[in-house]
1. Between Ile46 and Glu435, what is 0.36 nm times their sequence separation minus the Cα-Cα distance? Round to one decimal in nm.
2. Give me the distance in nm between label points sitting 7 Å out from Cα along the Cα-to-Cβ direction at Lys353 and Lys333, one decimal.
3. Which stretch or stretches of segment 147-167 have amide N atoms under 14 Å from the point lying 7 Å from Asp66's Cα along the Cα→Cβ direction?
4. If I model a spin label at Glu124 and Glu83 as a point 7 Å from the Cα along the Cα→Cβ vector, what separation in nanometres do I get?
5. Length gain on complete extension for the stretch Thr220 to Arg145, per 0.36 nm per residue less the alpha carbon to alpha carbon distance?
6. Lysines within cross-link reach of Lys333: Cα-Cα under 28 Å, excluding same-chain residues under 8 positions apart?
7. What lysines does Lys181 reach when the alpha-carbon gap must be under 27 Å and sequence neighbours fewer than 8 apart in one chain are set aside?
8. Subtracting the Cα-Cα distance from 0.36 nm times the residue separation, let me have the gained length for Lys117 to His341 in nm, one decimal.
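Throughout, read-outs are computed from the coordinates displayed, never taken from laboratory work. Every value quoted in this text rests on a predicted model; they were computed, and no experiment measured them. All Cβ positions, even for glycine, are placed from backbone atoms using ideal geometry, and neighbour counts span all protein chains on display.
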Amino acid sequence: MKLTTLLCFFLLLTAITHAQEKDKYGRPPLIPGIAELKIGDNVPDILIDKIINNDERSIRTSDYKDKLLVFDFWDTSCGTCIESMPKLDSLQRVFGDLIKLLSVTYQPEELITKFFKSNRFLNERKIPVRRASVVDDRILRSYFRYETNPHVIWINKGKVVAITGGEYITGTNIQSLLDGKAVAWPLKNDRFDPMNPLMSLSGLSQEVTESPFYGYSVLTGMSNDMNIGIGGLFFKQDSILNRSRLAFFNQDLSALYKILLFATKPAVTLEDMQKDPTKIPYIPHPDRSVLEVKDLSRFRSDPNTDIAVWNRNNRFCYEIEKEGFVNEMDLAKAAVEDLNHRFGLNGRYEKRKVKCLVFIRTDKPLADTVETGKGGRSVPALVMMSLDYTQKYPPAVNETGLSFDVEFNMLPDDGTIAGFRKEVQRHGLDLIEAEREIEVLVISDVKP
């Protein structure tokens with residue numbers, strides 16, 4: 001009896017230990033005792049073994065003490081990582097022995113070898129892609145910790161000079177480092193907490209911070225402590241401090257106005273659409289927004305512009321905090337007013353005449369109608385959303401007056417408006433192109 005109990009305990013302990021060996025992504029644990037390396041740190045002499053698709057099975061970081069060494073962390077579930085592999089192979093050929101672009105994954109060798117042999121995207125290229133990749137990695141992830149892929153470590157002449165996302169692996173950026181130029185690319189910081197305040201006002205007296213007039217807003221340029229355009233809008237009501245906070249990080253002007261103005265509108269739920277089919281959530285359709293500014297370069301980068309320079313000059317972080325429980329909509333309205341003043345702009349919603357796709361009734365009897373909530377689709381609310389999200393067609397507008405659902409095929413098989421119109425007409429409805437006055441998002445310069 002005692003032996004059986006002891007055996008069960010041992011099996012349970014083994015199962016628990018095994019479960020704790022992997023993190024939430026299924027990766028093996030970090031190696032104990034290895035300190036994480038950050039930008040500016042010198043890289044120790046690390047032995048990197050188990051490299052496939054490479055001339056050498058193993059290398060040492062010291063082999064590249066006078067060169068540029070780039071680690072691109074990936075795994076087979078990262079579509080962005082896989083899509084970038086042909087580009088990485090091409091850049092490796094262009095720069096030759098001056099650099100080493102090495103992909104790195106924690107996944108086992110057998111799986112990765114099979115992946116490179118079977119992946120159609122990589123094998124159907126003019127030159128089939130066989131990325132040089134570290135497999136079964138634990139040591140590099142222990143030195144360079146990350147949560148999400150792609151995660152890129154730039155080591156130039158033995159020192160960590162940047163930690164970025166995959167979009168920074170370009171020929172221009174590589175050449176900049178080879179030319180000895182200093183770079184200030186945004187840090188890919190997977191552990192950045194957007195709920196932490198940008199400002200610390202702990203030095204203020206309690207009387208000041210508890211005043212009903214307490215509040216502040218802060219606008220900064222791009223931060224290198226986080227990703228480009230991280231998340232969207234971050235809203236928090238602190239019941240302990242009795243404050244409300246709204247913030248965004250590393251957004252450009254177009255994005256921040258869309259995010260904030262969207263938050264000033266009441267949310268539209270599926271229930272709302274069923275009750276009133278004319279209602280749909282605001283969708284970022286290009287024809288639902290208007291830009292009336294002299295300097296377009298503040299809102300979008302030119303193809304010939306250095307994107308890193310443009311980001312530094314045209315991305316912003318912002319935070320507004322007020323005393324008491326202020327709802328997100330009111331705080332967003334206050335933020336829009338504040339930023340309008342700071343940027344000399346006027347961001348708002350207003351009615352404009354726009355060419356639209358209009359759902360209408362015909363004199364034909366309705367077909368395939370279904371009681372609301374009984375398995376059909378709200379017409380045309382959900383259909384309009386589906387059309388608008390494709391951004392292929394003019395904004396959709398509902399003039400059917402329907403208050404019930406229809407059994408609808410959401411989009412045509414042939415992907416054309418003509419094909420979709422046949423589906424609409426099958427139900428006793430029609431779809432026409434006509435100019436209508438709809439609500440659009442407008443950003444314009446403030447007139448002097």
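1. Extra length from Ile46 to Glu435 when fully extended: 133.5 nm.
2. Once both label points are built, they end up 3.1 nm from each other.
3. Inside the label zone: 157-158.
4. Inter-label distance under the simple model: 1.6 nm.
5. Between Thr220 and Arg145, full extension yields an extra 24.3 nm.
6. Candidates past the 8-residue exclusion: Lys236, Lys258, Lys265, Lys275, Lys279, Lys294, Lys322, Lys351, Lys353, Lys447.
7. Excluding near neighbours in sequence, the set is Lys38, Lys65, Lys67, Lys87, Lys100, Lys157, Lys159.
8. Taking 0.36 nm per residue and subtracting the Cα distance, the gain is 74.9 nm.
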